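Step one of this worksheet: look at the structure below.
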Number of protein chains: 4
Amino acid sequence: MSDVIAQIRQTVASLHGELTRYGLVAWTSGNVSARVPGQPLMVIKPSGVSYDDLNADNMIVCDLHGIVVDGEFSPSSDTAAHAYVYRAMPEVGGVVHTHSTYATAWAARGEPIACHLTAQADEFGGEIPVGPFALIGGDDIGKGIVATLSGHRSPAVLMRNHGVFTIGRDARAAVKAAVMCEDVARTAHLARVLGDPAPMDQADIDALYDRYQNVYGQTPIPPGGS
Amino acid sequence: MSDVIAQIRQTVASLHGELTRYGLVAWTSGNVSARVPGQPLMVIKPSGVSYDDLNADNMIVCDLHGIVVDGEFSPSSDTAAHAYVYRAMPEVGGVVHTHSTYATAWAARGEPIACHLTAQADEFGGEIPVGPFALIGGDDIGKGIVATLSGHRSPAVLMRNHGVFTIGRDARAAVKAAVMCEDVARTAHLARVLGDPAPMDQADIDALYDRYQNVYGQTPIPPGGS
Amino acid sequence: MSDVIAQIRQTVASLHGELTRYGLVAWTSGNVSARVPGQPLMVIKPSGVSYDDLNADNMIVCDLHGIVVDGEFSPSSDTAAHAYVYRAMPEVGGVVHTHSTYATAWAARGEPIACHLTAQADEFGGEIPVGPFALIGGDDIGKGIVATLSGHRSPAVLMRNHGVFTIGRDARAAVKAAVMCEDVARTAHLARVLGDPAPMDQADIDALYDRYQNVYGQTPIPPGGS
Amino acid sequence: MSDVIAQIRQTVASLHGELTRYGLVAWTSGNVSARVPGQPLMVIKPSGVSYDDLNADNMIVCDLHGIVVDGEFSPSSDTAAHAYVYRAMPEVGGVVHTHSTYATAWAARGEPIACHLTAQADEFGGEIPVGPFALIGGDDIGKGIVATLSGHRSPAVLMRNHGVFTIGRDARAAVKAAVMCEDVARTAHLARVLGDPAPMDQADIDALYDRYQNVYGQTPIPPGGS
């Protein structure tokens, strides 16, 4: 196996540690994948393996239709959705799926998260949208993700009655979006419980998003940074 | 003691670590048991021992009326309920009891958790039901569990004013059901706080449940998987 | 120093680890003390020391008026309240104070926690009562604790606009009461957010309390048990 | 570099561990700084570096206009706000910024936290105020912090639609204020969810604040204390 794929196996395995660190997953319910740059391949979590037991060796390499190319176990049951996103969105290098609690509560109501926080403007550029209800087992979830996020600033979609999918230029960026989506969803929930959040001007949201995407992080990215 | 029982003692002791990892228990309030396959015996937590101090050696072996067969301490004060379930439901290989916070809040209101999440459809096949109020110290709790879960898809019951009991083909499956019950109870609670969750079609719930029980996990179970 | 006091210093120091484990304290805000059996002395946390740095050597020995008998630092600023309880209630061997979040939210409203949970009936025998508002710096807090808990089943009192004090036959029992008070306060809060908890019969509460206090734990207490 | 600055680098790096311990930050979203006593310099977190990777060596030394004097990476994107505070408030030795969840929910509504808890009276002397909405990238945030906190008892300000800034005589005190701000914000939120907190007399708030600031901690500060 190529050094590039070995490296991506390691990255994908260890990024699952961020899902447990931030409490985004229960049992084996979330997953991270990464595209193999320049090849029609992706690396994804095996299905049903405990987060404690994930390592570079048991990650699964699939083609972009979800067919296993290298790996001992079955890939995540969400592999078809990840694969669809990579086929449809060539700029995407990483995909994450969770049922993180607060974000999934918004998804259960089918309510997008309106933007009342500078942190949300920075990362999501405005509201976090809701995608359609879709059954697992084919391309429906992938299609719903792509239809919702194509041309949208947000790297996160709240799939109705289901949970969160996030995308990024690489797997680390998609994990960051999943962490920030839950953080914003929790704060927005709590703000709403006791009243109405103060509105933000669209011009301010635009200015924050533009700055965060284009200024923050222009310098060389430090180790562990993003 | 047989190798089989030694192995089950180890499994039951270590599965309690999942109850603390997911915050399902306070002090010594929850417990896991497993049936000894092919023998009228079960292995269960000792009463009142700190989760830090549990190990294979201090687990208690009882018969299926809760009489201690091997073990230095008293068995869990919930032993009678576990034993009743094993006597009445031969397909059950593991039982878990917790007072996990969100699920117990539904139990305190006596309100079943309606199904608005794909994760709930997968694991529970629909609503998580409420069982009767019952006093500890006899077979009443066991009878309430069995009456509620017999013929029901859900492996979890919310015992009124009390907490959660879950069942599974083995102790690990029952622990998974306890983890997922709290996860679903928390998300459903939060969704309801701000409005009404979007309804799910019964046909979709049925399709998800059927797939999860029959397709997901058909392949050989990986180490740590379920 | 006597072996007995050395042992109590160790016990009190290590029991603070349960306050952090269960998230009952922020910064240096909670404290545990124990009576020295047969002597007019108590052992208590030093004031303002990080939980990471507590050990047997920096615990403070005071008389039952809060005067330091042995110890390098000032005792907890809540020492006067602990001391008053030991003077007034000879059966009490341990006292704990926290601002644990959910219990303190009930205290902020001045609302007792009605009993809708078997776990509350077991440990508290009914409602968890509210004590008066009292300023720190004299005996007022101690008097409020004693006036509220004398003759009451509950080992916990919600001091209005302040936080929780718990008592026990020893420090470990008082810590257990503090852990269970927050656990019950959280579940009761969540149950109430979505409606009215199902009532429990007083006879059932009495039966549960009687059994828990008199049957549970009759056998020799195992290591780490209570 | 001087020993003093080396020591401050170490202190600032390690204090970030309190932000993660208390769950005040997600990903890389919060930051701590300290003034270098007697010099027009401050030490602050680098931008976008994971909390796991912070150490004395990668902290950034800036002047009080945010210009890097020593350091390999870019300073925190919030450096301008920290610097403004040090320029305008000579008594301030430490500044902390977080988006801690409950405090930020109050900030999102633009609602100050009224004082219903003795812990809030102790640390904040009354309500925790709201500061103006301000865009990042200039002195607006710093001006909003200074305008709100100058002459105010509270060391914490809830910046509208944004998050929390706290100040202190040193960085440790500012971190303590950030921890206590979230603790108080959470308890106050929960109290309000189920009704109206019991009012506190202004005279009691004043007495508590006076005692805490002037009596508590008069003795030599123990290791780790404050």
### Query
Which one is farthest from B:Ile136 (Cα to Cα), of the residues in the stretch B:71-100 that are in contact with a helix residue (DSSP H, G or I) (Cβ under 8 Å, 6 or more places away or on another chain) and among the acidic types (Asp, Glu)?
B:Glu72
### Query
Which one is farthest from the other protein chains (Cβ to nearest Cβ), of the residues in the stretch D:131-140 that are surrounded by fewer than 21 Cβ atoms within 10 Å (Cβ to Cβ) and touching a residue at least 12 places away in the same chain (Cβ under 8 Å)?
D:Asp139
### Summary
Restricted to the stretch A:101-130 and to residues being of a type in the set (Gly, Ala, Ser) and out of contact with any helix residue (DSSP H, G or I) (no Cβ under 8 Å at 6 or more places or on another chain), the residue farthest from the other protein chains (Cβ to nearest Cβ) is A:Ala107
### Task
Of the conditions (1) modelled with pLDDT of 95 or more; (2) loosely packed, with under 15 Cβ neighbours inside 10 Å; (3) part of a loop (DSSP other than H, G, I, E, B), D:Gly17 clears all except one; give me its number.
(3)
### Message
Can you confirm whether D:Tyr51 is of a type in the set (Phe, Trp, Tyr), over 30 Å from D:Arg192 (Cα atoms) and more than 14 Å from chain A (Cβ to nearest Cβ)?
### Response
no
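Against the condition modelled with pLDDT of 95 or more and under 25 Å from B:Pro197 (Cα atoms), how does A:Ala105 come out, does it pass? Break it down into steps so the answer makes sense when it comes.
Details: modelled with pLDDT of 95 or more: yes; under 25 Å from B:Pro197 (Cα atoms): yes.
It is true that A:Ala105 is modelled with pLDDT of 95 or more and under 25 Å from B:Pro197 (Cα atoms).
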### Message
Need the failing condition index for A:Arg87 against (1) buried (at least 19 other Cβ atoms within 10 Å of the Cβ); (2) more than 24 Å from D:Thr20 (Cβ to Cβ); (3) not hydrophobic (A, V, I, L, M, F, W, C), just the number.
### Response
(1)
### Message
Any residue that is farther than 26 Å from D:Met200 by Cβ, more than 13 Å from every other protein chain (Cβ to nearest Cβ) and within 13 Å of the chain's Cα centre (by Cα) - is there at least one of those in the stretch C:148-156?
### Response
yes
### Message
Kindly evaluate B:Met180 against the criterion of being within 14 Å of chain C (Cβ to nearest Cβ) and within 13 Å of the chain's Cα centre (by Cα).
### Response
no
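When you check A:Val164 against the structure, is it surrounded by 21 or more Cβ atoms within 10 Å (Cβ to Cβ), under 15 Å from the mean Cα position of the chain (by Cα) and facing another protein chain (nearest Cβ under 10 Å), yes or no?
On the way: surrounded by 21 or more Cβ atoms within 10 Å (Cβ to Cβ): yes; under 15 Å from the mean Cα position of the chain (by Cα): yes; facing another protein chain (nearest Cβ under 10 Å): no.
The answer is no for A:Val164.
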### Query
Got at least one residue in the stretch A:91-114 being within 14 Å of the chain's Cα centre (by Cα), surrounded by 19 or more Cβ atoms within 10 Å (Cβ to Cβ) and farther than 22 Å from A:Arg169 by Cα?
yes
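Go through the stretch A:148-158 and count every residue that is surrounded by fewer than 23 Cβ atoms within 10 Å (Cβ to Cβ) and either within 23 Å of A:Val43 (Cα to Cα) or basic (Lys, Arg) (or both). Can you show your working first?
Taking the stretch A:148-158 first, the residues surrounded by fewer than 23 Cβ atoms within 10 Å (Cβ to Cβ) are A:148-153.
Filter once more, keeping what is either within 23 Å of A:Val43 (Cα to Cα) or basic (Lys, Arg) (or both): A:149-150, A:153.
Total satisfying the criteria: 3.
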### Query
Residues of the stretch D:39-57 being within 30 Å of A:Ala178 (Cβ to Cβ), in contact (Cβ under 8 Å) with a residue 40 or more places away in the chain and surrounded by 15 or more Cβ atoms within 10 Å (Cβ to Cβ), which ones?
D:Leu54
### Task
Those residues that are surrounded by fewer than 24 Cβ atoms within 10 Å (Cβ to Cβ), in contact with a strand residue (DSSP E or B) (Cβ under 9 Å, 6 or more places away or on another chain) and farther than 19 Å from B:Tyr51 by Cβ, I need them from the stretch C:172-201; list them, please.
C:His189
### Query
Hey, among B:Val25, B:Val69, B:Val61, which residue is of a type in the set (A, V, I, L, M, F, W, C), within 11 Å of chain C (Cβ to nearest Cβ) and in contact with a strand residue (DSSP E or B) (Cβ under 7 Å, 6 or more places away or on another chain)?
B:Val25
### Tabulated pairs, the stretch D:160-182, first part of a helix (DSSP H, G or I), second at pLDDT below 95, C-beta under 7 angstrom, 6+ apart or interchain
D:Arg172/D:Ser226; D:Ala173/D:Ser226; D:Lys176/D:Ser226
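Is it the case that the stretch A:191-198 has a residue that's touching a Phe, Trp or Tyr at 6+ places or on another chain (Cβ under 9 Å) and closer than 30 Å to A:Gln10 by Cβ?
First, pick out the residues of the stretch A:191-198 that are touching a Phe, Trp or Tyr at 6+ places or on another chain (Cβ under 9 Å): A:191, A:194, A:198.
Right, trim to closer than 30 Å to A:Gln10 by Cβ and you get none.
The answer is no, given that none of the residues of the stretch A:191-198 is touching a Phe, Trp or Tyr at 6+ places or on another chain (Cβ under 9 Å) and closer than 30 Å to A:Gln10 by Cβ.
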### Summary
Those residues of the stretch D:208-220 that are aliphatic (A, V, I, L, M) and either assigned to a loop (DSSP other than H, G, I, E, B) or at pLDDT below 95 (or both) come to a total of 1
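One line per residue, one yes/no per condition, for (1) touching a residue at least 60 places away in the same chain (Cβ under 8 Å); (2) more than 12 Å from D:Ile145 (Cα to Cα):
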position: D:Gly71; (1), (2): no, yes
position: D:Ser76; (1), (2): no, yes
position: D:Pro90; (1), (2): no, yes
position: D:Val96; (1), (2): yes, no
position: D:Ala105; (1), (2): yes, yes
position: D:Ala121; (1), (2): yes, yes
position: D:Gly126; (1), (2): yes, yes
### Extreme residue, nearest to the other protein chains (Cβ to nearest Cβ), among residues of the stretch B:1-22 that are more than 24 Å from A:Tyr51 (Cβ to Cβ) and in contact (Cβ under 8 Å) with a residue 12 or more places away in the chain
B:Arg9
## Note on the structure
Here the residues within the stretch C:25-38 that are out of contact with any Asp or Glu (no Cβ under 6 Å at 6 or more places or on another chain) and touching a residue at least 24 places away in the same chain (Cβ under 8 Å) are C:Val25, C:Ser29, C:Gly30, C:Val32, C:Ser33, C:Ala34, C:Arg35, C:Val36, C:Pro37
### Task
Kindly indicate the residue of the stretch C:189-207 that is at the interface with chain B (Cβ under 7 Å from one of its Cβ atoms) and assigned to a helix (DSSP H, G or I) and also farthest from B:Leu194 (Cα to Cα) among those meeting that condition.
C:Ala207
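The values are calculated or read from the model by the stated rules, or taken from the named source; none is laboratory data. As the structure is a computational prediction, the values presented were derived from the model and not from experiment. Glycine gets a Cβ as well: all are built from the backbone with ideal geometry, and neighbour counts include every protein chain shown.
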